[in-house]
């Protein structure tokens with residue numbers, strides 16, 4: 001991790017759009033294949049061949065140290081009767097030995113193609129050989145994060161499989177599964193992204209989530225963290241330390257700004273591992289955000305955070321960590337010492353910032369989120385924490401205007417405790433939705449949030465007290481403001497218990513859309529499809545209905561953990577003209593890419609993707625997620641595609657489209673595409 005952080009973080013920050021554009025069009029510029037060669041006497045060669053896209057390169061197995069590229073590595077699993085005979089030999093179509101434009105050091109790399117040959121000795125040639133290889137691919141402007149590919153190789157037969165999960169021949173879930181590259185239910189032969197029937201150059205496959213908005217949410221979270229007892233008292237102490245110990249104002253200003261910059265950098269670095277996860281599997285964030293047991297773990301953690309905020313105990317990192325960072329700050333001095341001072345602040349303030357940061361991290365890892373959204377959110381959080389140290393160093397007189405520390409800081413923590421309880425049920429609700437337990441329907445979820453809102457109001461009135469609270473002796477204007485704000489928001493949430501005649505279920509609460517379960521997930525007014533529409537949940541049934549009625553299909557790639565999907569269902573689809581168009585002129589097929597239900601055993605198989613890797617299709621979500629990525633080159637939800645009854649792409653797919661007129665234009669283009677096909681058939 002250390003050798004990868006600095007160069008790749010810099011490249012990711014400088015060229016985010018380039019990396020994402022390449023990923024959408026071509027997930028990997030390197031295509032791998034394998035073969036085997038019998039050398040006699042139980043000795044074999046396992047050959048790894050890489051075909052490298054023009055302009056890209058793969059690095060050799062040489063380790064160039066912390067500031068160099070990630071080396072290629074071949075690892076054969078330790079199995080009984082399998083012995084590795086030395087390191088792998090390497091060669092290439094075009095070998096470059098010289099200065100690398102990306103890393104600025106002398107390296108050896110391969111262009112156009114590379115071959116790695118690993119010799120092994122085996123006792124039983126019928127025993128499959130398993131393992132994995134790692135590699136990094138770069139061009140002259142950027143690098144993609146290192147990838148890990150697992151393999152299983154039959155030496156005698158020469159057959160092999162590559163994938164993003166470890167192949168265990170003894171794992172019963174893979175037993176008897178055939179490998180297929182031409183699965184008719186995952187390949188839509190008439191879908192041509194480059195040539196839809198009606199073209200729209202402005203169509204958006206990617207989400208319209210504003211990174212600036214996500215940065216602002218992280219920034220607001222950081223501002224809230226500043227108002228906690230762990231951080232607020234540190235501001236005047238730290239700024240005063242820099243301005244007084246530096247000897248002159250210019251040096252003090254420089255040190256304070258450097259200190260703030262390191263705080264910002266530390267929080268940015270927290271997101272780097274998630275870029276690595278995303279490079280291994282483009283659907284990883286779907287899997288993380290909708291894993292029921294992980295969501296239950298988040299629920300427990302947030303409840304623990306809430307109890308800590310209520311004052312019953314403190315969550316702190318081991319004191320040895322803090323002491324170590326503090327001693328390093330004193331020992332090194334200069335830039336290194338300032339960095340360790342910033343790291344010490346991050347550790348010391350963890351009991352207050354940890355729950356807020358955890359909320360940001362867990363919230364960003366959604367099915368419609370991703371590593372870059374997490375990086376931007378963490379950057380906003382770190383920037384908010386760093387900002388006061390720079391501002392007060394520039395204007396030291398402002399320190400005198402800071403309010404004094406006092407009981408109000410504890411009130412901030414308790415209010416955050418109620419917020420943590422409410423957020424905890426978001427994660428429990430997600431697990432419930434995915435597993436279809438029916439434990440946390442819309443009514444119960446909304447009631448819990450209303451109760452938390454009432455709890456905050458009663459607490460601010462002084463009717464509820466926790467261990468570190470002092471009696472409320474009066475109501476300041478600021479306290480009255482927050483009582484009013486939380487009171488109004490609680491009333492607003494309670495309006496969600498109104499019946500919606502058009503959708504035949506509860507009326508959605510706008511600000512909770514994407515957080516709460518769908519109003520149709522209800523004990524009282526349950527509906528299978530949103531906005532009062534009729535829908536299908538598998539493509540085959542939808543296709544059958546489309547051919548029967550002659551209507552085009554609206555394929556809705558959605559997810560239980562997709563916040564923007566709920567916003568579209570709650571606020572765009574219910575609009576009269578949109579609802580009428582979908583209901584009367586389309587066959588709606590909603591495919592949940594994060595559904596965890598297992599497919600029947602005879603429908604499970606290993607699918608060979610377009611980039612040559614093998615992917616187990618074991619669940620309903622595996623099937624629909626793969627259908628989306630293979631045919632529409634997108635792994636984000638929502639994604640809307642319009643197909644004719646025989647499967648032709650009518651117009652460019654679009655993603656999150658909250659503007660009603662734009663979404664209506666998208667639906668109209670699909671109908672126009674049907675007219676064009678009708679005219680062509682009539683000629």
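Summary table below
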quantity: Region 28-52, residues that are crowded, with 17+ Cβ neighbours inside 10 Å and either without any contact (Cβ under 8 Å) to a residue 60 or more places away in the chain or not assigned by TED's automatic domain parsing to the domain that holds residue 100 (or both); calculated: none
quantity: Those residues of region 536-567 which are modelled with pLDDT of 90 or more, outside any strand (DSSP E or B) and in contact with a helix residue (DSSP H, G or I) (Cβ under 9 Å, 6 or more places away or on another chain), in sequence order; calculated: 537, 538, 539, 550, 551, 552
quantity: When residues of region 500-534 are limited to those that are surrounded by fewer than 19 Cβ atoms within 10 Å (Cβ to Cβ) and over 29 Å from residue 299 (Cα atoms), the one modelled with the lowest pLDDT; calculated: 502
quantity: Any hit, region 656-679, residues being within 25 Å of the chain's Cα centre (by Cα), assigned to a loop (DSSP other than H, G, I, E, B) and surrounded by 17 or more Cβ atoms within 10 Å (Cβ to Cβ); calculated: yes
quantity: Any chance residue 646 is surrounded by fewer than 16 Cβ atoms within 10 Å (Cβ to Cβ), modelled with pLDDT of 90 or more and not in a loop (DSSP other than H, G, I, E, B); calculated: no
quantity: Residues within region 131-165 that are part of a strand (DSSP E or B) and more than 21 Å from residue 80 (Cα to Cα), tallied; calculated: 10
quantity: Pairs with Cβ under 6 Å, 6+ apart, first in region 187-199 and outside the structural domain of residue 670 (by TED's automatic domain parsing), second assigned to a loop (DSSP other than H, G, I, E, B); calculated: 188/647; 190/647; 190/648; 196/652; 197/650
quantity: Test: residue in region 196-215 that is under 24 Å from residue 123 (Cα atoms), in contact with a strand residue (DSSP E or B) (Cβ under 7 Å, 6 or more places away or on another chain) and modelled with pLDDT of 80 or more; calculated: no
quantity: Test set (1) over 21 Å from the mean Cα position of the chain (by Cα); (2) assigned by TED's automatic domain parsing to the domain that holds residue 622 - residue 564 fails condition number; calculated: (1)
quantity: Subset of region 584-607 [in a loop (DSSP other than H, G, I, E, B) and out of contact with any strand residue (DSSP E or B) (no Cβ under 7 Å at 6 or more places or on another chain)]; calculated: 594, 600
quantity: Any hit, region 550-558, residues being surrounded by fewer than 16 Cβ atoms within 10 Å (Cβ to Cβ) and at negative phi; calculated: no
quantity: Candidate set: region 499-525, residues that are part of a loop (DSSP other than H, G, I, E, B) and free of Cβ contacts under 8 Å to residues at least 60 places away in the same chain; chosen: the one farthest from the chain's Cα centre (by Cα); calculated: 501
quantity: Looking only at region 462-484, and only at residues there that are over 39 Å from the mean Cα position of the chain (by Cα) and within 19 Å of residue 413 (Cβ to Cβ), the one that is surrounded by the fewest Cβ atoms within 10 Å (Cβ to Cβ); calculated: 471
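Listed here are the residues, each with its yes/no results for (1) assigned to a loop (DSSP other than H, G, I, E, B); (2) modelled with pLDDT of 65 or more; (3) farther than 27 Å from residue 409 by Cα.
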site: 255; (1), (2), (3): no, yes, yes
site: 259; (1), (2), (3): no, yes, no
site: 286; (1), (2), (3): no, no, yes
site: 312; (1), (2), (3): yes, yes, no
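Quick grid of which residues meet (1) free of Cβ contacts under 8 Å to residues at least 60 places away in the same chain; (2) not in a strand (DSSP E or B):
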site: 54; (1), (2): yes, yes
site: 65; (1), (2): no, yes
site: 69; (1), (2): no, yes
site: 79; (1), (2): yes, yes
site: 90; (1), (2): yes, no
site: 98; (1), (2): yes, no
site: 107; (1), (2): yes, no
site: 112; (1), (2): no, no
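The values are calculated or read from the model by the stated rules, or taken from the named source; none is laboratory data. Source: prediction; values computed, not measured. Neighbour counts are summed over all protein chains in view; Cβ atoms, including those assigned to glycine, are modelled from backbone coordinates with ideal geometry.
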